[in-house]
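Below is one structure, written out as structure tokens; comments come after it.
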Amino acid sequence: MTESFATFVDVILPLYVPKLYTYRVAEDMTGQIVLGKRVSVQFGKSKVYAAIIANIHSTPPKDYVAKYILSVLDDEAIIYPQQLKFWQWISDYYLCNMGDVMQAALPSMLKLQSASKIIANPDFDNNIELDDREFLVMEALAVQHELTIDNIQQILNVKNALPIIKSLVIKEAIIINEDLKTKYKEKLVSCLKLTPAYQNNEDNLRILFDLLAKKEKQLNVLMLYLHLKQNKPHVLKAELLKHPESSASAIQTLIKNGVFEEFELAVDRLQFDEHQVETFALNEYQEKALNQINEQFLTKDVVLLKGVTSSGKTHVYVRLIEQTLNQGKQVLYLLPEIAITSQIIHRIRKYFGEKCVAFHNKIGDNERVEIWNKVKSGEIKIVIGARSAIFLPFANLGLTIVDEEHETTFKQSEPAPRYHARDSAVVLNKIYNAKLILGSATPSFESYFNAKQGRFGLVNLDKRHGEIELPQIITANIADERKTKVIQGNFTTILVNEIKQTLAKNEQVILFQNRRGYSPVYECDNCQWVPKCQNCDISLTYHKFIDSLKCHYCGFTQKLPDTCSACGSHTLSFKGFGTEKIEDELAILFPTARVSRFDQDSTKGKNGHESIIKDFAEHKFDIMVGTQMVTKGLDFENVTLVGVINADQLLFFPDFRANERAFQLIEQVSGRGGRRQKQGRVVIQSSSPNHPVILSVINHDFESLYNREIQDRAQFLFPPFQRIIKISLRHKDYKVSEDAANQLHLLMYTTFGDNLLGPANPYVSRIRNYYIKEFLVKIDRNDSRLASLKKFIKQQIAKLYENKIYSQLIVQIDVDAL
């Protein structure tokens, strides 16, 4: 084959490589090459990777000789061209590499890992001298022919066999091959079937029954098998064993005597409970909202549904999902938290049964692959998931719903790509020519601004379902009660009385405290010394559950010190409080109340969120104490009281979004109360009860707060009028970090001028022993040079790396930083 007719492919490598890499395709593989397939390629001296074909062409690379791809790994593409287009947009917009996007998008079981295989060199000169351990390795290879590094370390009983392997390579005694190992495994179950002698042979079965007449257990197993086989194509061994008249020994005897054959069957991990599909009717306000959305969809691809808490937005979503399914298309339903996924999927399955699945990071790796494949084939019609579900390979996406669109958890922070699922959904739906619904009672100011400007459609749903009144808001002044010394721990008299009255009526309470752990600070009363993390520039938080101080940034823990490390004093005390301390105080104030805690520490494990939510919904607990996880779309019919333990922690925060976020959190948690027959009550504890944000919450007045804040942002050049790109520099040497930041400032200031803020130390300026410097770059939202300015930023960072001093510097770019 001549060079002019050669086929080349550009592939995405799962590495930090800025560009796609080009490989040549052997003539006998040309027919197998398809966009979106995985191929095995050699990159570097010996490493082999599974890469994804992104482009097919006939142009060889100019600056290097293209290697041949080693093999094609898939019979069909694992992603569609739409996903490749979406990946490219993510890479371009969020200033990351395509390899970063690939790592984020693919389930881990679809990523093949390179495993070193060691074999003996058949041309090895036996006259070369080997030491005892090298000789032992060669003896093992003579027996097993192929070993891994782990095998050699076990044979030699050493932790690191690499020096020995390196020596054998230098002596040309061994050859190292890199092989790709597939990690995905089918789920196999043991099944039983009759041997050919008894299949469809009534005479032989009659004889068998006579033979087993006096062997009761074996006869019972056979009868049970034949009963189950009437309704099922396969009979599981485990199903037989569940029956009280069956036994493992009887089954084993029947296998031994040639009655049964045991075999393994690959089964689907996605199992659903069968149930009756429910129906419902929209009320007049929901019906009006649905009609308005459909009208707006005629001219707009994105519509913001601003509906008060408990207005029944989910019912409107269900009708939109029905419309989409009737068109033969798929639906993506994005949620901000795993915590509410279980509740929502339970609700949606009431109406659509097995057509929907949940997808989030607590689902098993093999199960994620099965969901991936079924979404790609179109078998799964509805996916309800956290932000990562946006990367699924939809065959025919028709509608995306981003519920609670204001939530910051839709933004990925670490690692790259640092994408925002809501904003990315706008682009994804454009690629598919699909529609997008953004829903919230407290929209992000950016989304509301876009709706006001006419970029998005806007529909209001202002009435609660069943016309229940919005909750009554009461404020309690913490400062006054501390002065008069009537406050009980962290509970004002008003909140204590409200909880008493609620529990007396056998109703439930949600308490919101936006800090986990027991206490954020453990301080010496004499010299104010505070234990700090040895790896991070932050004080340690005390967690009573583990009776230790813990760093929330790196996980470092240490036991509670008995004495001050600075002055030797024994008088140390806790300052501040978290959910654990509130839980303790409730046990003292309300000893008979059943209390549940709902935070990151209490919800570990696959079903941690679901079990706590289920128990609280079934009234196994009277009071739930939680962090902002309790603010996000949860629906409990018996909750009539909500308490905000300390609103001041939300209000006085050095961030231009502080007021917006405080309003969203307090208004959202307030909406958890009084969602059925009774009006809810909310107690907000604060030292500043007349703060403008609290007054806006009391009046449920989103509009006036938005108008005030948007004027300030226009004046001081913040989003939605400007885009913000945050650049973080990290290095283990403070001086290198500082010098690099100053150098980057010089490189970028001539272009950005005063729109370049920094370098500055962030609030936590050292994490995991890396010293951090940060910049903020402001770019006008309407600036047509956005793409070229982003390219300029990447070029200046590349220039920084030309200096070898900065080779270990880590630079992170966060576009549209929150």
Checklist entry - Just one of the numbered conditions (1) within 30 Å of Asn151 (Cα to Cα); (2) among the hydroxyl-bearing types (Ser, Thr, Tyr); (3) touching a residue at least 60 places away in the same chain (Cβ under 8 Å) is not true of Tyr80; which one? => result (1)
Checklist entry - Just wondering, is there one or more residues in the stretch 418-439 that are among the hydroxyl-bearing types (Ser, Thr, Tyr), closer than 23 Å to Gln286 by Cα and open to solvent by less than 30 Å² (accessible area, probe 1.4 Å)? => result no
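Is it fair to say Glu703 is out of contact with any Asp or Glu (no Cβ under 7 Å at 6 or more places or on another chain) and either outside any helix (DSSP H, G or I) or within 30 Å of Ile510 (Cα to Cα) (or both)? Before you say what the answer is, go through the steps one by one.
Values: out of contact with any Asp or Glu (no Cβ under 7 Å at 6 or more places or on another chain): yes; either outside any helix (DSSP H, G or I) or within 30 Å of Ile510 (Cα to Cα) (or both): yes.
It is true that Glu703 is out of contact with any Asp or Glu (no Cβ under 7 Å at 6 or more places or on another chain) and either outside any helix (DSSP H, G or I) or within 30 Å of Ile510 (Cα to Cα) (or both).
Filtering the stretch 216-242 down to residues that are open to solvent by 70 Å² or more (accessible area, probe 1.4 Å) and touching a residue at least 12 places away in the same chain (Cβ under 8 Å), which residue is farthest from Ser190 (Cα to Cα)?
Narrowing the stretch 216-242 to residues open to solvent by 70 Å² or more (accessible area, probe 1.4 Å): 216-217, 223, 227, 229-234, 241-242.
Cutting the leftovers down to touching a residue at least 12 places away in the same chain (Cβ under 8 Å) gives us 217, 234.
Numbers: Lys217: 20, His234: 10 Å.
Among them, the one singled out is Lys217.
Evaluate the following for Val630: is it under 26 Å from Ser440 (Cα atoms), at pLDDT below 85, open to solvent by less than 10 Å² (accessible area, probe 1.4 Å) and in contact with a strand residue (DSSP E or B) (Cβ under 6 Å, 6 or more places away or on another chain)? Please lay out each step first, then the result.
Values: under 26 Å from Ser440 (Cα atoms): yes; at pLDDT below 85: yes; open to solvent by less than 10 Å² (accessible area, probe 1.4 Å): yes; in contact with a strand residue (DSSP E or B) (Cβ under 6 Å, 6 or more places away or on another chain): yes.
Considered against the rule, which asks whether it is under 26 Å from Ser440 (Cα atoms), at pLDDT below 85, open to solvent by less than 10 Å² (accessible area, probe 1.4 Å) and in contact with a strand residue (DSSP E or B) (Cβ under 6 Å, 6 or more places away or on another chain), Val630 comes out as yes.
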Checklist entry - Just for the stretch 719-738: of the residues that are of a type outside the set (D, E, K, R) and more than 31 Å from the chain's Cα centre (by Cα), which one is nearest to Ile538 (Cα to Cα)? => result Tyr734
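If you check Asp131 against the conditions, is it open to solvent by 70 Å² or more (accessible area, probe 1.4 Å), modelled with pLDDT of 90 or more and not hydrophobic (A, V, I, L, M, F, W, C)? Let's see the steps before the verdict.
Details: open to solvent by 70 Å² or more (accessible area, probe 1.4 Å): yes; modelled with pLDDT of 90 or more: no; not hydrophobic (A, V, I, L, M, F, W, C): yes.
So Asp131 does not fit the description; no.
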Checklist entry - Which one is nearest to Ala425 (Cα to Cα), of the residues in the stretch 359-385 that are of a type in the set (Gly, Ala, Ser) and either more than 19 Å from the chain's Cα centre (by Cα) or open to solvent by less than 20 Å² (accessible area, probe 1.4 Å) (or both)? => result Gly385
Checklist entry - Would you call Ala142 more than 29 Å from the chain's Cα centre (by Cα), at pLDDT 90 or above and either not polar (S, T, N, Q) or not in a strand (DSSP E or B) (or both)? => result no
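Leu399 - would you say it is open to solvent by 30 Å² or more (accessible area, probe 1.4 Å), of a type outside the set (S, T, N, Q) and modelled with pLDDT of 95 or more? Give the derivation first.
Numbers: open to solvent by 30 Å² or more (accessible area, probe 1.4 Å): no; of a type outside the set (S, T, N, Q): yes; modelled with pLDDT of 95 or more: yes.
No, not satisfied.
Restrict the check to the stretch 430-439 and report whether at least one residue is at pLDDT below 95 and in a loop (DSSP other than H, G, I, E, B). Show your work before the answer.
Here is the first cut: in the stretch 430-439, the residues at pLDDT below 95 are none.
So far as the stretch 430-439 goes, no, none of its residues is at pLDDT below 95 and in a loop (DSSP other than H, G, I, E, B).
Being under 30 Å from Asp712 (Cα atoms) and either of a type in the set (S, T, N, Q) or open to solvent by 60 Å² or more (accessible area, probe 1.4 Å) (or both): is that true of Asn646 here? Lay out the reasoning, then the answer.
Details: under 30 Å from Asp712 (Cα atoms): yes; either of a type in the set (S, T, N, Q) or open to solvent by 60 Å² or more (accessible area, probe 1.4 Å) (or both): yes.
Taking the combined requirement at face value, the residue satisfies it.
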Checklist entry - Restricting attention to the stretch 28-42, which residues are under 16 Å from Lys67 (Cβ atoms) and open to solvent by less than 10 Å² (accessible area, probe 1.4 Å)? => result Val39, Ser40, Val41
Checklist entry - Mind checking which residues of the stretch 653-688 are open to solvent by 20 Å² or more (accessible area, probe 1.4 Å), within 27 Å of Ile468 (Cβ to Cβ) and more than 26 Å from the chain's Cα centre (by Cα)? => result Arg675, Arg676, Gln677, Lys678, Gln679, Arg681
Next on the checklist: Quick check on the stretch 564-576. Is at least one of its residues open to solvent by less than 40 Å² (accessible area, probe 1.4 Å), at pLDDT 90 or above and of a type in the set (A, V, I, L, M)?
Outcome noted: yes
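Results for (1) modelled with pLDDT of 95 or more; (2) open to solvent by less than 80 Å² (accessible area, probe 1.4 Å); (3) not polar (S, T, N, Q), shown as yes or no for each residue.
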{"position": "Asn742", "(1), (2), (3)": "yes, yes, no"}
{"position": "Ile767", "(1), (2), (3)": "no, yes, yes"}
{"position": "Leu776", "(1), (2), (3)": "yes, yes, yes"}
{"position": "Gln796", "(1), (2), (3)": "yes, yes, no"}
Checklist entry - How many of the residues making up the stretch 278-293 are in contact with a helix residue (DSSP H, G or I) (Cβ under 8 Å, 6 or more places away or on another chain) and within 23 Å of Val426 (Cβ to Cβ)? => result 3
Next on the checklist: Quick test of your reading of the structure: Ile710 fulfils all but one of (1) open to solvent by less than 60 Å² (accessible area, probe 1.4 Å); (2) not in a helix (DSSP H, G or I). Name the failing condition by number.
Outcome noted: (2)
Checklist entry - How many residues, within the stretch 739-762, are under 18 Å from Cys536 (Cβ atoms) and either assigned to a helix (DSSP H, G or I) or of a type in the set (Asp, Glu) (or both)? => result 0
Checklist entry - Is one or more of the residues making up the stretch 137-144 surrounded by fewer than 16 Cβ atoms within 10 Å (Cβ to Cβ) and in contact with a Leu (Cβ under 9 Å, 6 or more places away or on another chain)? => result no
Next on the checklist: Here's a check for you: in the stretch 43-84, which residue that is loosely packed, with under 14 Cβ neighbours inside 10 Å and under 20 Å from Phe394 (Cβ atoms) is farthest from the chain's Cα centre (by Cα)?
Outcome noted: Glu76
Item to check | Tally, over the stretch 771-796, of residues that are assigned to a helix (DSSP H, G or I), without any contact (Cβ under 8 Å) to a residue 40 or more places away in the chain and among the polar types (S, T, N, Q) | outcome: 2
Checklist outcome for this item: Of the candidates Thr493, Thr484, the one satisfying the condition of being within 26 Å of His700 (Cβ to Cβ), open to solvent by 10 Å² or more (accessible area, probe 1.4 Å), free of Cβ contacts under 8 Å to residues at least 40 places away in the same chain and of a type in the set (Ser, Thr, Tyr) is Thr493
Item to check | Residue that is more than 30 Å from Ile623 (Cβ to Cβ), open to solvent by 40 Å² or more (accessible area, probe 1.4 Å), in a strand (DSSP E or B) and not aliphatic (A, V, I, L, M), where the choices are Gln528, Gln534, Gln558 | outcome: Gln558
Checklist entry - Would it be correct to say that Val25 is open to solvent by 70 Å² or more (accessible area, probe 1.4 Å) and over 28 Å from Ile810 (Cβ atoms)? => result no
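The values are calculated or read from the model by the stated rules, or taken from the named source; none is laboratory data. Not measured: the values here are computed from a predicted model. Please note: Cβ atoms are built from the backbone with ideal geometry, for glycine as well, and neighbour counts cover all protein chains shown. Heads up: the accessible areas ignore ligands, DNA and RNA and are worked out on the full protein's heavy atoms, side chains in. Shrake-Rupley method; radii C 1.70, N 1.55, O 1.52, S 1.80 Å.
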